[in-house]
Amino acid sequence: MDTDLALIIGIFLAGLSIPSILSVISEGRPPRMPMILVMVAGGLILYALNMNPGGYSFDQVPDVFLRVIPRYTP
């Protein structure tokens, strides 16, 4: 898997987990699925950070988004 794509998917899943966590906490249910989402997102982000030779900085993340989106959309 491309490290740029892994980073973008990880950030996207981390963003999706936030409303899910808030919903589960407000309803008083155990947070099983949100925690799985957080672990998968964290794993993808860590994979991208470790496999990219120079790593990523916060300044590079918008550029990564702009590189990945045209590559994977028709």
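Here are some notes:
- Segment Ile25-Phe65, length gained on full extension (0.36 nm per residue, minus Cα span): 11.3 nm
- Which of Leu13, Leu22 has the fewest Cβ neighbours within 10 Å, and the rest in rising order: Leu22, Leu13
- Spin-label pair Met1/Asn50, simplified geometry with 7 Å Cα→Cβ offset, distance in nm: 1.3
- 0 to 90° range, to nearest 10: angle between helix 3-27 axis and the chain longest Cα axis: 10
- Only alpha carbons enter this Debye calculation for the chain, each as an equal point scatterer, and the log10 of I(q)/I(0) it gives at q = 0.19, 0.23 Å⁻¹ is -0.78, -0.97.
Values quoted throughout were computed directly from the atomic coordinates according to the rules given, and no laboratory measurement underlies them. As the structure is a prediction and not an experimental result, all values here were calculated from the model. Please note: Cβ atoms are built from the backbone with ideal geometry, for glycine as well, and neighbour counts cover all protein chains shown.
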